[in-house]
Amino acid sequence: MSPSSPNQKNTSPYRQKKTKQTFSALLILAILWYSGHNVGFSFSELQKGAPNMWDLVKEMFPPDWAYFTRITEPILETIRMAVLGTTFGALLAMPLALLAARNVLRTPLINVPARWLLNLIRTIPDLLLAAIFVAIFGIGAFSGVLALIGFSMGIIGKLIYESIEGIDEGPLEAMRAVGANQVKLVMFGVIPQVTAQFLSFSLYSFEVNVRAAAVLGLVGAGGIGLYYDQALGFFDYARVSTIILYTLIVVLIIDFISTSLREKLS
Amino acid sequence: PEENTGSDENDNGTEEATGYVPEELRVQFVPSQNADTLEAKAKPLEDLLTAELDIPVTVSVSTDYNTIVEAMASEQVDVGFLPPTAYVLAEERGAAEVILQAQRYGVNDEDGSPTEDLVDFYKSQIIVKKDSGIESIEDLKGKKMGYQSVTSSAGYVWPAAVLIDAGLDPLTDVEPVTLKGHDQAIISLLNGDVDAAATFQDARNVVTSDYPSVFEDTEILEFTEPIPNDTIAVLPDMDQEWKDKIQAAFIAIGESEDGRAIIKDVYTHEGYVKSDDSKFETVREYNEKVKTE
Amino acid sequence: MIEFKNVSKVYPNGTKGLQNMNVTIEKGEFVVIVGLSGAGKSTMLRSINRLHEITDGEILIDGQSITKARGKGLYKIRRDIGMIFQNFNLVRRSSVFRNVLSGRVGYHSTLKMIFGLFPKEDKDLAMKALERVNIPDKAFSRADELSGGQQQRVSIARALAQEAKIILADEPVASLDPLTTKQVMDDLKRINNDLGITTIVNLHFIDLARAYATRIIGLRAGEIVFDGPVEEATDEAFAEIYGRPIDDKEMLGVNA
Amino acid sequence: MIEFKNVSKVYPNGTKGLQNMNVTIEKGEFVVIVGLSGAGKSTMLRSINRLHEITDGEILIDGQSITKARGKGLYKIRRDIGMIFQNFNLVRRSSVFRNVLSGRVGYHSTLKMIFGLFPKEDKDLAMKALERVNIPDKAFSRADELSGGQQQRVSIARALAQEAKIILADEPVASLDPLTTKQVMDDLKRINNDLGITTIVNLHFIDLARAYATRIIGLRAGEIVFDGPVEEATDEAFAEIYGRPIDDKEMLGVNA
Amino acid sequence: MNPQKKKIFTRFVVVIVLMLIYIWAFAGLPTIEVKETSGQIVRAIFSGLFNPDWDYVYDPAGEDLIAKLIETLAIAILGTFIAAVFCIPLAFLAARNIVKSRVISQFGKFILSFIRVFPDIIFALIFIKAVGPGSFSGVLALGIGSIGMLGKLFSDDVESVNLSTTEALIATGANPVKTLWFAVVPQILPSYLNFVMYRFEVNIRAASILGVIGAGGIGTPLIFALQVRDWERVGIILLGIIVMITLVDFVSGKIRAKLV
Ligand SMILES: Nc1ncnc2c1ncn2[C@@H]1O[C@H](COP(=O)(O)OP(=O)(O)OP(=O)(O)O)[C@@H](O)[C@H]1O
Ligand SMILES: Nc1ncnc2c1ncn2[C@@H]1O[C@H](COP(=O)(O)OP(=O)(O)OP(=O)(O)O)[C@@H](O)[C@H]1O
Ligand SMILES: [Mg+2]
Ligand SMILES: [Mg+2]
């Protein structure tokens, strides 16, 4: 249609972006290469040793079926703590995430500290969290639940805050336009858009909590952690695989229930 | 296998292949639980051993003896530092053969301070609060007892044997509480979560900085019999000459002044003595004695 | 009354949305804004209720500066301004009814709204608004199950339910058929006449503009290039707005 | 040639989109589909390139059944059908240029596309398409930085770049100003005339329909209630389509 | 208003069931009491944390905080990279709106769940048997272990994507791969990067697994310090991790802003 000169000029930002991307790719490659060098990455070694991996897998079969009944009680106890830990973690995470999201409150004075708090929570290692709670409340389920609340908050808070920042701004505008204050804006513009993700993250965190057996074991809260320890301590891999299978079943059931619930509700 | 029967002189020519000859020595170290300071350092030992053995040595530090045993079972590690119970289990799996044991200073029974003697064993203790009214093992009946995991020699096996000897079932006559960490056991005792705790001697040192009056507030109810110290074990099918070489190297390190300073600082070891599997019969016996299932 | 005082708006990427705009719109006027696509019509409308922050100048609503308003004051001003969006801005996962009801949140306490406790009158109002745009039967469908025109009408219903004193409508009839177009425009006009509600509408149709407006504002590249009563909005005036005369054939589709 | 054979479409929630539709559209026709909002215009259009699965019947494109086509065959048929969407369907986070280029992906191997290796001709074609809709200067803006009408035009440019044999346009001018409307419709008409490209357009404007169409199809509640050449599309015919006569005042805005 | 009533009814049932679950969960909690020793011990912990052991930061022998952190960073980068690559096909396989067959998507979800319930330490043991203890097995264990979580979060995100833009691509005759690439990928790229960055952070902090494996990262010293209650050491290590994560966050934010 028109001469090709404007074309050339106009495709140049396109090319510019390409160059930028090429540079980023090269940078990433360089970082990967250095990391590989640092850790001694070697495909040939992996290939050579791969057959050994099966030794362990073989030992896990067949699972120790008789062990199933023994671990039902601790699994239930773990679930119990995970339910509480996740619920309160999620309840605390949501407001924090809303405060941290830059598109809802739009006040750096609040966003920045909230984000900082979220970061801090996530940095505290489980073990330290457990040590502190045990020091205060002694060993037992309560300290376990508190520790779980701590890291559910970390997980959910971070993830949900990022998805809040990614929501469609249109409905937010509509709510601002009808004169909604921040809370109403959140209730009608933000929440409906992120509930699906919020549920997904909470469930994920629930799952993590069920598996956070090690930490629960640390605080003497019972749960499945001690059984893992014991089975591994005796190199009893058949029992280890039994515990894994049991956990898998629990996770799948929970997944199934939650998906069908979600479908019913929406 | 305590005698050195290998032919040291036949370096060249057709040497009988007595086993596997390492070209590079891979050592993994798991700190024993019965220490009150630990450093996650590999380099010092690496340097000391390289100097002694003239082959490249890599040392890694791990927090879990499962990894050493599995790595040794698939010949990814040549030498492992294993706690006694773990060694027995590894030996059963054909993954390890003990050649040395670590030495430490003994612990003063009165105040938990170190003694002058180097020993290759340690003890474990059952500890209660001073004003608890528990005066003998029999008094523990019906009380809450803090143990470590059932694979722990000092935190479960030996103390449980003490209870058995006194006519108590360690799992049903007391209310067992499994704790993770000997420090945790002491703290749970202090804050009343348990009435008595089984720990190594003297685990109270670990918590003195957090709780300075721990020695005044608690007392030892009973000591156990000696428990063999940590082992240094090698792959069973290693060439005998090499087993000897490694044995000699560790002993030499323990005897040299620099070496000793380093192993003391980093691993709280004072030296190494030769050892063999027979010394661990007691461990097997104890394991058998307290076996639950 | 809406007053623009030296209002300018520059988008972060440098695009000039509005350039030094000065204009006053009296209570009860029915203003239609026309201009080429990209002229700044949406930008102007969105500046009024401060959905866009202007970069310069000040906008007064009934003498109060919305530019300077904060917190409750701002919410209050906005509650009295209804808006119909060009791209609907519905919460796609929520039901139509809930979308319309959300127009009422400005009237109730935050606590009640958290629990979704709308009084019966509000629900009736919402249903009535949906009836007015002819889609009461879609009330409990999810918003994303509607046809384009139906979504447009939900957006209109939300603004109607809001019972505002000013209505801003950004191409409210773009995806509607002639019957519904007529109905919606008539509705806007009736509300404007009966209740004296100031109405500002962005439109692309010259003849629709002429038929409903009391005043026409023409924009080009963020500047007002025409402002006057309908009578003055001659073909020449439109030629001026669109940058060149609109010949007869081009009037087709809007003015044939 | 596009043939509908006893086509019905029921949405999962029970809404009847199309009801037993039989119609044949010949190569080179310029068909305008009119009808009330929600009548099924979009549904009909989307059934042609199988964006919606019909629940009954069959649709043939140049004698080939698209209803039964699978894999490559289906992609091939679709590549030859360009579509302009009512709600634009742009990838909002991508640049305008990339959005337009994406109209070309049907022509190249998957691997090349993943690495974004479009030949120079494609890029020229994309730029030309953008020039045709008057927004070459926005080529490297993100799609969500455009005004409504500009987004509409990106969607049109994408369909133009596709160089299809059939063009389906779902209210392509809904948010455009009269000048651009004219330009776009002229373009569609020219392509239709010059290259013999079959063109089907959903429109709300009776007069636009009359001005450009060679044939008009009227829909009501998923059924064809009118089908004939422009000359037959009298006011009475439209009254039939819209369910009641359109009085003069209502014609306003589309036909004044 | 029948549909609304029905909805209210299902909600009601759900609420009742949830309440029962919570009653059951709370019933398991023991009475809470604050221990008398707590003040002393918590004070000791915090005074340690706030008096970090600065000597550990640098040590000429090379086994200091900085060296360990760099090592950890390298392990986390590679581990995350492996997971970030391998989670993609699994995530799409598990997304119900992309894979039309429910059976296949369920299978994809099952694989992801399976990886997730597999304890890290088992992955660690498996790879130690293959390549020996050290950073390399740490990388492999982290890499494979992270696939489960990344895949799950990512596939959930793919499921919530606005698919109307895919119509435009489908209509041009694009095959599913091209459609995904042009219409879905730009939409999910930001959250994908978020998830990857989040997992990267988790991997940096994956002290327990790296410590278990003897991978040489910061994990081992951290666990040792916690075990012997050397809070000053814990303090300095935490500080190191916080600083590193903040730096990484900052740099990645810059890179992301350039890319997306
Ligand atoms: N995804 C969907 N699920 C359920 N019903 C739908 C869906 N999409 C459209 N419908 C319904 O099907 C009918 C026809 O819709 P369609 O989009 O074809 O209308 P249209 O003629 O294009 O209307 P408009 O002019 O408003 O765009 C409408 O009643 C609409 O509510
Ligand atoms: N978020 C944004 N960022 C950058 N530029 C923008 C943004 N929104 C709009 N613009 C630009 O500002 C100018 C005015 O846009 P505006 O949306 O006000 O146009 P309009 O008159 O409403 O057009 P239309 O009739 O097409 O809706 C356009 O050039 C547009 O590209
Ligand atoms: Mg606009
Ligand atoms: Mg439509």
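The values are calculated or read from the model by the stated rules, or taken from the named source; none is laboratory data. All values reported here derive from a predicted model rather than from experimental measurement. Cβ: placed from backbone, ideal geometry, glycine included. Neighbour counts: every protein chain shown. Remember, those area values only see protein heavy atoms, side chains included, never the ligands or the DNA or RNA. Shrake-Rupley method; radii C 1.70, N 1.55, O 1.52, S 1.80 Å.
Tabulated results
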quantity	calculated
Scope region E:145-196; condition over 22 Å from A:GLY166 (Cα atoms) and of a type in the set (Lys, Arg); matching residues	E:LYS178
Test: residue in region E:164-176 that is in contact (Cβ under 8 Å) with a residue 40 or more places away in the chain and surrounded by 23 or more Cβ atoms within 10 Å (Cβ to Cβ)	no
Selection within region D:42-66 - within 13 Å of another protein chain (Cβ to nearest Cβ) and either within 16 Å of ligand 4 (Cβ to nearest atom) or assigned to a strand (DSSP E or B) (or both)	D:SER42, D:THR43, D:MET44, D:LEU45, D:ARG46, D:SER47, D:ILE48, D:ASN49, D:LEU51, D:HIS52, D:ILE61
Residue within region B:25-37 that is at pLDDT 85 or above and over 23 Å from E:ILE218 (Cα atoms) present	yes
Residue check for C:ALA161: more than 16 Å from the chain's Cα centre (by Cα) and either within 16 Å of ligand 2 (Cβ to nearest atom) or of a type in the set (A, V, I, L, M, F, W, C) (or both)	no
Output for region D:60-86, where each listed residue is charged (D, E, K, R), surrounded by 14 or more Cβ atoms within 10 Å (Cβ to Cβ) and closer than 22 Å to D:ILE156 by Cα	D:ARG78, D:ARG79, D:ASP80
Tally, over region C:193-210, of residues that are touching a residue at least 12 places away in the same chain (Cβ under 8 Å), away from ligand 2 (no atom under 15 Å from the Cβ) and not β-branched (Val, Ile, Thr)	3
Matching residues in region C:29-60 - criterion: being among the small types (Gly, Ala, Ser) and either within 13 Å of ligand 2 (Cβ to nearest atom) or over 18 Å from C:GLU3 (Cβ atoms) (or both)	C:GLY35, C:SER37, C:GLY38, C:ALA39, C:GLY40, C:SER42, C:SER47
Exclusive hit being at the interface with another protein chain (Cβ under 8 Å from one of its Cβ atoms) and either within 16 Å of ligand 3 (Cβ to nearest atom) or open to solvent by 10 Å² or more (accessible area, probe 1.4 Å) (or both), set C:GLY149, C:GLY106	C:GLY106
Residues satisfying the stated conditions in region A:105-142, i.e. more than 12 Å from chain E (Cβ to nearest Cβ) and within 23 Å of the chain's Cα centre (by Cα)	A:ASN111, A:VAL112, A:PRO113, A:ALA114, A:LEU117
Within region B:219-293, helices (runs of 4 or more DSSP H) holding 3 or more residues that are surrounded by fewer than 20 Cβ atoms within 10 Å (Cβ to Cβ), more than 20 Å from the chain's Cα centre (by Cα) and at pLDDT 90 or above	B:240-255
Sole exception among (1) away from chain C (no Cβ under 11 Å); (2) within 11 Å of ligand 1 (Cβ to nearest atom); (3) buried (at least 23 other Cβ atoms within 10 Å of the Cβ) for D:ALA39, by number	(1)
Close pairs (6 angstrom Cβ cut-off, 6 or more residues apart or separate chains): at the interface with chain E (Cβ under 7 Å from one of its Cβ atoms) in region B:54-68, part of a helix (DSSP H, G or I) anywhere	B:VAL61/E:THR220; B:THR63/E:GLY211; B:THR63/E:VAL212; B:THR63/E:ILE223; B:ASP64/E:VAL212; B:ASN66/A:LEU232; B:THR67/E:ILE128
Near pairs, Cβ below 7 angstrom, 6+ apart or cross-chain, from region C:1-26 (in contact (Cβ under 8 Å) with a residue 40 or more places away in the chain) to any residue that is surrounded by fewer than 17 Cβ atoms within 10 Å (Cβ to Cβ) and of a type in the set (Phe, Trp, Tyr)	C:GLY17/C:TYR11
Residues that are part of a helix (DSSP H, G or I), open to solvent by 20 Å² or more (accessible area, probe 1.4 Å) and without any contact (Cβ under 8 Å) to a residue 40 or more places away in the chain, drawn from region A:178-191	A:VAL183, A:MET187, A:ILE191
Failed condition for C:LYS123, given (1) within 16 Å of ligand 4 (Cβ to nearest atom); (2) over 19 Å from D:GLY148 (Cβ atoms); (3) basic (Lys, Arg)	(1)
Residue within region C:14-34 that is over 29 Å from C:ILE206 (Cβ atoms), in a helix (DSSP H, G or I) and open to solvent by less than 60 Å² (accessible area, probe 1.4 Å) present	no
Which listed residue is of a type in the set (Phe, Trp, Tyr), open to solvent by less than 80 Å² (accessible area, probe 1.4 Å) and within 30 Å of A:ILE243 (Cβ to Cβ), from E:PHE86, E:PHE118	E:PHE118
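Yes/no matrix, rows are residues, columns are (1) over 24 Å from E:GLY143 (Cβ atoms); (2) within 10 Å of chain B (Cβ to nearest Cβ):
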{"position": "E:ALA207", "(1), (2)": "no, yes"}
{"position": "E:GLY216", "(1), (2)": "no, yes"}
{"position": "E:GLY219", "(1), (2)": "no, yes"}
{"position": "E:ILE223", "(1), (2)": "no, yes"}
{"position": "E:ILE242", "(1), (2)": "yes, no"}
{"position": "E:ILE245", "(1), (2)": "no, no"}
{"position": "E:VAL248", "(1), (2)": "no, no"}
{"position": "E:ILE255", "(1), (2)": "no, no"}
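Condition check ((1) part of a helix (DSSP H, G or I); (2) within 16 Å of ligand 1 (Cβ to nearest atom)) across all residues:
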{"site": "C:ASN89", "(1), (2)": "no, no"}
{"site": "C:LEU111", "(1), (2)": "yes, no"}
{"site": "C:LEU117", "(1), (2)": "no, no"}
{"site": "C:GLU121", "(1), (2)": "yes, no"}
{"site": "C:LEU125", "(1), (2)": "yes, no"}
{"site": "C:ALA129", "(1), (2)": "yes, no"}
{"site": "C:VAL154", "(1), (2)": "yes, yes"}
